[in-house]
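The structure appears right after this line, and notes come after that.
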Amino acid sequence: MASKKGKTICVFSAKGGVGKTILSINLAGISEKLKRKTLLIDLDLTGGGLSVALNCYSMRNVYHLIDDYINNRRRDFSEYVTKYDDYIDVLASPKDPRQGNKIEAYFIDDIIEQASYYYDVVIIDMSHVLNDVNLVTLDQVDKILFLMTNDPLELKNMKSIMSIFRDLEIDKYKVILNNSRDINKNYFSFFDLKNIIKTNIDYTITPKFYIKNIDTYIMNGQIITLHPKCSSTFAKDYLTMSTIMIDILGEGLGDNK
Ligand SMILES: Nc1ncnc2c1ncn2[C@@H]1O[C@H](COP(=O)(O)OP(=O)(O)O)[C@@H](O)[C@H]1O
Ligand SMILES: [Mg+2]
């Protein structure tokens, strides 16, 4: 068990398909490199592919955890997670999307809170929908990573989500511009993007991080940032992802808990 409460983060966006799942997995890899015990939670409850991407097939998932909570027969937290490796565990989303639709927001905050006592870092991969489960998640976590791409439709959605965040007084977010998802889309300059969304862009993942053979990684359940050559082949983006994690942990590279 982590010696003190771990950091909880979620990866959110205004649109699907912007790279949230890939980023969540890669940040877990960085967290492992920083020797942090990490839990990846797949809260994309109807379309989640995180455990599939990591080849982590589980008997129980977040649906069972909540169902057992409601029915007062909850097992130990560890019985709901699947081990990826010595540092990373996965709490999967339901295999059957019908179960995903049944999950209500009750206990989501408890689950995140509990996870933070067992892990140094909890990374929650989400859907882009502003439903109750996601609103509770956004409220509960220590930090929101808002992933965006250079896409006109997405920017319009993002503008409205940013104004909802302002209404809800949510300011614990960092914006990440993902230029690796679709390297041909560069409609707006960095300056224009900031002006459109009226908020700062904190980190940028460059087109260099476009992984041609990403499907091979997914088929093999591999995490790109754990590949021995990742830090040299993708030096700039590896550094950016490390900086994101270090900023979240709020401490220097060599520090230990
Ligand atoms: N760095 C990258 N290089 C190449 N393809 C990527 C990259 N990041 C994401 N993709 C591809 O983009 C698609 C959507 O990514 P995903 O992480 O599933 O998005 P989201 O979780 O936001 O819906 C996937 O098919 C994935 O393979
Ligand atoms: Mg996803």
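For the reader, a short list of remarks on this structure follows.
- Matching option when the condition is open to solvent by less than 50 Å² (accessible area, probe 1.4 Å), within 16 Å of ligand 1 (Cβ to nearest atom) and free of Cβ contacts under 8 Å to residues at least 60 places away in the same chain, among Ser51, Ser58: Ser51
- Residues (in contact with a Cys (Cβ under 7 Å, 6 or more places away or on another chain), within 15 Å of ligand 2 (Cβ to nearest atom) and not small (Gly, Ala, Ser)) located in region 36-92: Val90
- Subset of region 137-153 [over 17 Å from Lys174 (Cα atoms) and either without any contact (Cβ under 8 Å) to a residue 40 or more places away in the chain or part of a helix (DSSP H, G or I) (or both)]: Pro152, Leu153
- Residue list for region 117-136, restricted to those being assigned to a loop (DSSP other than H, G, I, E, B) and more than 13 Å from ligand 2 (Cβ to nearest atom): Tyr119, Asp120, Leu130, Asn131
- All conditions but one from (1) surrounded by fewer than 17 Cβ atoms within 10 Å (Cβ to Cβ); (2) touching a Leu at 6+ places or on another chain (Cβ under 9 Å); (3) outside any helix (DSSP H, G or I) apply to Leu177; the one that does not is (1).
- Against the list (1) in contact with a helix residue (DSSP H, G or I) (Cβ under 6 Å, 6 or more places away or on another chain); (2) touching a residue at least 40 places away in the same chain (Cβ under 8 Å); (3) open to solvent by less than 40 Å² (accessible area, probe 1.4 Å), the condition Ile196 fails is (3).
- All positions within region 215-239 that are open to solvent by 30 Å² or more (accessible area, probe 1.4 Å) and assigned to a loop (DSSP other than H, G, I, E, B): Asn220, Gln222, His227, Pro228, Lys229, Phe234
- Flag if Lys212 is open to solvent by 40 Å² or more (accessible area, probe 1.4 Å), assigned to a helix (DSSP H, G or I) and not hydrophobic (A, V, I, L, M, F, W, C): no
- Taken over region 162-174, the criterion of being assigned to a loop (DSSP other than H, G, I, E, B) and open to solvent by 70 Å² or more (accessible area, probe 1.4 Å) is satisfied by Leu168, Glu169, Asp171.
- Boolean, Ser13 is within 16 Å of ligand 2 (Cβ to nearest atom) and of a type in the set (S, T, N, Q): yes
- Restricting Ile41, Ile22 to those that are of a type in the set (A, V, I, L, M), within 16 Å of ligand 1 (Cβ to nearest atom) and open to solvent by 20 Å² or more (accessible area, probe 1.4 Å) reduces the list to Ile22.
- As for region 61-75, it holds no residue that is open to solvent by less than 20 Å² (accessible area, probe 1.4 Å) and either within 16 Å of ligand 1 (Cβ to nearest atom) or aromatic (Phe, Trp, Tyr) (or both).
- Qualifying residue in region 38-48 (condition: within 23 Å of Asp182 (Cβ to Cβ) and small (Gly, Ala, Ser)): yes
The values are calculated or read from the model by the stated rules, or taken from the named source; none is laboratory data. Predicted, not measured: the structure shown is a model, and the values here were computed from it. As a convention, Cβ positions derive from the backbone with ideal geometry for all residues, glycine included, and neighbour counts pool all protein chains shown. Note: accessible area is taken over every heavy atom of the protein model, side chains too, but ligands, DNA and RNA are not part of it. Shrake-Rupley method; radii C 1.70, N 1.55, O 1.52, S 1.80 Å.
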